Amino acid sequence: MTQYVYRFGGGVSDGRGLGKELLGGKGANLDGMASIGLPVPPGFTISTEMCTRYYAEGQTFPDSVKAEVAQGLAHIEGVTGKSFGNPADPLLVSVRSGARVSMPGMMDTVLNLGLNDETVQGLAATSGDERFAWDSYRRFIQMYADVVLGLDHGAFEEALEIAKEDQGHFLDTDMSAEDWRKLVGEYKRLVQEQWGKPFPQDVHDQLWGAIGAVFGSWESDRAKVYRRLNDIPGDWGTAVNVQAMVFGNMGETSATGVAFTRNPSTGERAYYGEFLINAQGEDVVAGIRTPQYLTRTAREQAGAKPLSMEEAMPETYAELARVFDLLETHYRDMQDIEFTVERGKLWMLQTRSGKRTAKAALKIAVDMAEEGLITKSEAVGRVDPQALDQLLHPTLDPEAERDVLTKGLPASPGAASGEVVFDADTAETRAQLGAAVILVRIETSPEDIHGMHAAKGILTARGGMTSHAAVVARGMGRPCVSGAGTLAIDAKAKLFRIGDRTIKEGDVITIDGATGEVMAGAVPTVQPELAGDFGTLMEWADGVRRLKVRTNAETPLDCRTARGFGAEGIGLCRTEHMFFDAARITAVRQMILADSEKGRRAALAKLLPEQRSDFAEIFEIMAGLPVTIRLLDPPLHEFLPHEEEEFAEVAEAAGIGVEALKRRAAELHEFNPMLGHRGCRLGVTYPEIYEMQARAIFEAAVEVAEKSGAAPIPEVMVPLVATKRELELMKEVIDRTAEAVFAEKGRRIEYLVGTMIELPRAALKAGEIAEVGQFFSFGTNDLTQTTLGVSRDDAGRFLTTYVDKGIFARDPFVSLDIEGVGELISLAAERGRQTRSDIKLGICGEHGGDPASIAFCESVGLDYVSASPYRVPIARLAAAQAALRA
Ligand code: PEP
Ligand code: MG
């Protein structure tokens, strides 16, 4: 019979070594802490397998698991000496979710479970604190009503506000035992009214209700959205952890806190965290009271008055610091910890690898390798390549003028400007229309997740560094300023005030998540520097990677940026972008609309010097490196004039009438341009176009070789080839032109001629095509489009539904469809190599910058990947990780 329940604490750790897949992250780590003797309140974990079975069997529990849970409870009772439902000395438990990876705030938790009209008296007696007992009971009813019974939590909050007002109280802490007792009565009345039944008094009913609710929360809408955004499979399921309650709200010697073993924003090696005296955990996370600092240094740096934990509770703090070190050594990673102090006794409630900014991830990985805690290869594996994106983007120009409105906490680094919006839905709709928005909230909640994702930055009035907004923003790589207390938000009127200034919805502000500054207007930014830890980790990555990394670039600026990021050549220079240049477009149109070779040649002659200087500039920047230049590819259709004025300009340049020109344009109109007159079909029908481009390439290459001595290595690439014969014809044009230029200049240079593989036929016939082509570059944008028969320009409308329904795990235009398109690539690579063993193979579709696709490229042994400039470092790291895993 399958075991579903695993006990921990009090010297027991049933789940030793079983891991997160089965126990969930929280369960595995509780068990891990128990196994190294740390003070963990006793409890048990119901495994993720039970979650799967729960859904498979119509959301019911088998009898066997009921017996196991009873044994689990007996374990907790044995260790604590209390018993569940006992009116004299009641055991209270927490019931929490715990998926394989942490999903902050996404799923449900119930605390203080086990309280009822009788046990509350017992708790009052054993704790000697009647006020605490009734406060715990009302918290429990409030949470249970919300999470398990699904009742309207607004009504409960309102009842609390009314109760406080009636008594003339401002803070919860002003409420007396009697006040709480009365509120409990009111809460029970609300439950009866909304639910139609009395609040459950049987503690076992309470427990099973909560377990069902936690499993049920796995399929909540917000959990589903979070999974989609974070690529978490729906079939993982969650575990449930039932654990003895410990209380941080038992007076001045009790406290609760969250901490990181290193700074999760900067990576600095310093304990980092917040705590609150006489409070429960959710008080810290919810951002209702502003927490105090953990260490004296942090408090002093912030200029804060309330004592740090180090000063207020020196002995417990010292014990906590010892635990931090033990945990880092045990898990060999920075830990994110929750703890509670109950009447001076420290309890560890949770540990897990802490979420961190990209900057912190880099520093922690490099530092830990240098401390000898992990190896350099492990350090390379520790940084998520996608997260580097955060570091590669601009920060505020230190020289720029700033109209600073206020300062909050620097919760997630990076700078962002955008128009202010006050709710998540508006953030999403404005962002879909292309607007940059900053989401401004009093505090965020899991319901805001889609808006946080759509926003460029997040600003909150409340909440600390570990508030929901801060944790989620760091995970998403969004800049965030939290706890900007001077911000008076009026969400109804869609505005906020700071002093006498008013900022309305739609006004532009800038936030700097590294300093906490909030500024009016848009502040200019500067490019990042790639030195320090970034440089070190990249060097280690380069030391283990096999795949070369090139870039897709066609402007000198792109080429320089990419070289700065470590690109080892150009994998795709798209020449059409050069043709769209305002100064050239008329000549390009003249060429396209000409109805004879002579007319085309006249226009091409105007373009040649321009194109030559384009290439010369790129060759200079890429001196000594391979540069793949793709000959003209897009449908002619795309270049056609639209406006009267444009027709007139072309008519004048070509010396023909406007009407004749319009007739010609109508002839060139295509119904399906993506499958029309494009790619090498242009070169086959109008060889003079490719001839001009080849001439520009070779003349520029010879020129640069003469000038600098470092000859570039042009790789001339023919697009959209389906057959060997097409490539043969085009190679003839290119070779003939090369010979002519070399003869004219009296100097030869090395070059290659190859093709893109972006049609299924080309992949299938790669063996034949390799008889002519000296290299292949997989154009996976078109190859995905043509293999799936899905238009790359129109897919957005339905692909999200396809991803939601699990037809594709991810958008196949973002992450390669390895099963389908990938099979064509491996087959083409194999057939190409059979014909030409040293054929050069690369990829230049968008997938060249996607880590999962790069891992696939490693597995089929491609020579290089080519990515857009800002993705070059991501590709370098992803290639290194792929090599380490291979
Ligand atoms: C491709 O199709 O993958 C490619 C790189 O070419 P383009 O995106 O220009 O069609
Ligand atoms: Mg293409």
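Where residues in the range 769-787 are within 14 Å of ligand 2 (Cβ to nearest atom) and in a helix (DSSP H, G or I), which of them is nearest to Gly679 (Cα to Cα)?
Restricting attention to the range 769-787, the residues satisfying the condition of being within 14 Å of ligand 2 (Cβ to nearest atom) are 776-787.
Narrowing further to those that are in a helix (DSSP H, G or I): 780-787.
Numbers: Thr780: 15, Asn781: 14, Asp782: 11, Leu783: 13, Thr784: 16, Gln785: 15, Thr786: 14, Thr787: 17 Å.
By that ranking, first place goes to Asp782.
Among Ala762, Ala829, which is within 14 Å of ligand 1 (Cβ to nearest atom), crowded, with 17+ Cβ neighbours inside 10 Å, in the same structural domain as Asp850 (by TED's automatic domain parsing) and of a type in the set (A, V, I, L, M, F, W, C)? Quick ask: steps written out before the conclusion?
On the way: Ala829 fails: within 14 Å of ligand 1 (Cβ to nearest atom).
Answer to the selection: Ala762.
Could you list, in sequence order, the residues of the range 826-841 that are within 23 Å of Val627 (Cβ to Cβ), in contact (Cβ under 8 Å) with a residue 12 or more places away in the chain and either under 32 Å from the mean Cα position of the chain (by Cα) or in a loop (DSSP other than H, G, I, E, B) (or both)?
Matches in the range 826-841: Ala829, Arg836, Ile839, Leu841.
Considering each residue of the range 148-177, count those that are in a helix (DSSP H, G or I), open to solvent by 30 Å² or more (accessible area, probe 1.4 Å) and under 26 Å from Leu91 (Cβ atoms), and give that number.
Final tally of qualifying residues: 1.
Taking Ile757 as the residue in question, decide whether it is within 30 Å of Thr786 (Cα to Cα), within 43 Å of the chain's Cα centre (by Cα) and either modelled with pLDDT of 90 or more or not acidic (Asp, Glu) (or both). Please lay out each step first, then the result.
On the way: within 30 Å of Thr786 (Cα to Cα): yes; within 43 Å of the chain's Cα centre (by Cα): yes; either modelled with pLDDT of 90 or more or not acidic (Asp, Glu) (or both): yes.
Yes, satisfied.
Give the number of residues within the range 788-813 that are within 16 Å of ligand 2 (Cβ to nearest atom) and within 20 Å of the chain's Cα centre (by Cα).
Total meeting the criteria: 2.
Among the residues of the range 791-816, which ones are crowded, with 18+ Cβ neighbours inside 10 Å and within 13 Å of ligand 1 (Cβ to nearest atom)?
Listed by number, the residues that qualify are Pro812, Phe813, Leu816.
Filter the range 748-759 for residues that are among the hydrophobic types (A, V, I, L, M, F, W, C) and away from ligand 2 (no atom under 15 Å from the Cβ); which is least open to solvent (accessible area, probe 1.4 Å)? Give the steps one after another, and end with the answer.
Quick first cut of the range 748-759, residues among the hydrophobic types (A, V, I, L, M, F, W, C) only: 749, 752-753, 756-757, 759.
The next check asks that each one be away from ligand 2 (no atom under 15 Å from the Cβ); those that pass are 749, 752-753.
Details: Ile749: 19, Leu752: 44, Val753: 1 Å².
If we take residues in the range 748-759 being among the hydrophobic types (A, V, I, L, M, F, W, C) and away from ligand 2 (no atom under 15 Å from the Cβ), then Val753 is least open to solvent (accessible area, probe 1.4 Å).
Within the range 677-735, can you find the residues that are within 16 Å of ligand 2 (Cβ to nearest atom), open to solvent by 10 Å² or more (accessible area, probe 1.4 Å) and outside any loop (DSSP other than H, G, I, E, B)?
Across the range 677-735, the qualifying residues are Arg681, Glu726.
What is the residue count in the range 842-886 for residues that are within 16 Å of ligand 2 (Cβ to nearest atom), surrounded by fewer than 24 Cβ atoms within 10 Å (Cβ to Cβ) and either part of a loop (DSSP other than H, G, I, E, B) or small (Gly, Ala, Ser) (or both)?
Counting residues in the range 842-886 that are within 16 Å of ligand 2 (Cβ to nearest atom), surrounded by fewer than 24 Cβ atoms within 10 Å (Cβ to Cβ) and either part of a loop (DSSP other than H, G, I, E, B) or small (Gly, Ala, Ser) (or both) gives 1.
Val120: under 30 Å from Ile232 (Cα atoms) and buried (at least 19 other Cβ atoms within 10 Å of the Cβ), yes or no?
Numbers: under 30 Å from Ile232 (Cα atoms): no; buried (at least 19 other Cβ atoms within 10 Å of the Cβ): yes.
No; evaluated as a whole, the condition is false for this residue.
Among strands (runs of 3 or more DSSP E) lying entirely in the range 516-608, which contain 3 or more residues that are outside the structural domain of Arg630 (by TED's automatic domain parsing) and either more than 24 Å from Tyr751 (Cα to Cα) or basic (Lys, Arg) (or both)? If you could, list the steps in order and put the result at the bottom.
Working: elements: 517-520, 548-552, 570-574.
Correct list: 517-520.
For Ile449, which of the numbered conditions (1) buried (at least 21 other Cβ atoms within 10 Å of the Cβ); (2) of a type in the set (A, V, I, L, M, F, W, C); (3) at pLDDT 85 or above fails to hold?
(3)
Of everything in the range 69-81, what is open to solvent by 30 Å² or more (accessible area, probe 1.4 Å) and either in contact with a Ser or Thr (Cβ under 8 Å, 6 or more places away or on another chain) or over 23 Å from Gln201 (Cβ atoms) (or both)? Give them in sequence order. Break it down stepwise before answering.
At the first step, the residues of the range 69-81 found to be open to solvent by 30 Å² or more (accessible area, probe 1.4 Å) are 70-71, 74, 77-81.
Correct list: Gln71, Glu77, Gly78, Val79, Gly81.
Let me confirm something: among Glu617, Glu597, which residue is farther than 26 Å from Gly754 by Cβ, of a type outside the set (A, V, I, L, M, F, W, C) and open to solvent by 60 Å² or more (accessible area, probe 1.4 Å)? Explain how you work it out, then say what you get.
Numbers: Glu617 fails: farther than 26 Å from Gly754 by Cβ.
Answer to the check: Glu597.
Collect the residues in the range 83-103 that are under 15 Å from Val246 (Cα atoms) and in contact (Cβ under 8 Å) with a residue 12 or more places away in the chain, keeping them in residue-number order.
Filtering the range 83-103 for residues under 15 Å from Val246 (Cα atoms) gives 83-84, 89-96.
Within the range 83-103, Phe84, Asp89, Pro90, Leu91, Leu92, Val93, Ser94, Val95, Arg96 meet the criteria.
Which residue pairs have Cβ atoms under 7 Å apart, sit 6 or more places apart or on different chains, and have a first residue in the range 696-724 that is closer than 17 Å to Ala743 by Cβ and a second that is within 16 Å of ligand 1 (Cβ to nearest atom) and part of a loop (DSSP other than H, G, I, E, B)?
Listed pairs, sorted by first residue: none to list.
So, in the range 410-433, of the ones that are at pLDDT below 85 and open to solvent by 10 Å² or more (accessible area, probe 1.4 Å), which residue ends up nearest to Ile509 (Cα to Cα)?
Gly414
Looking at Gly624, is it outside the structural domain of Gly709 (by TED's automatic domain parsing), in a loop (DSSP other than H, G, I, E, B) and under 29 Å from Gly754 (Cβ atoms)? Let's see the steps before the verdict.
Values: outside the structural domain of Gly709 (by TED's automatic domain parsing): no; in a loop (DSSP other than H, G, I, E, B): yes; under 29 Å from Gly754 (Cβ atoms): yes.
No.
The values are calculated or read from the model by the stated rules, or taken from the named source; none is laboratory data. Every value quoted in this text rests on a predicted model; they were computed, and no experiment measured them. All Cβ positions, even for glycine, are placed from backbone atoms using ideal geometry, and neighbour counts span all protein chains on display. The area values use the complete protein model at the heavy-atom level, side chains included, leaving out ligands, DNA and RNA. Shrake-Rupley method; radii C 1.70, N 1.55, O 1.52, S 1.80 Å.
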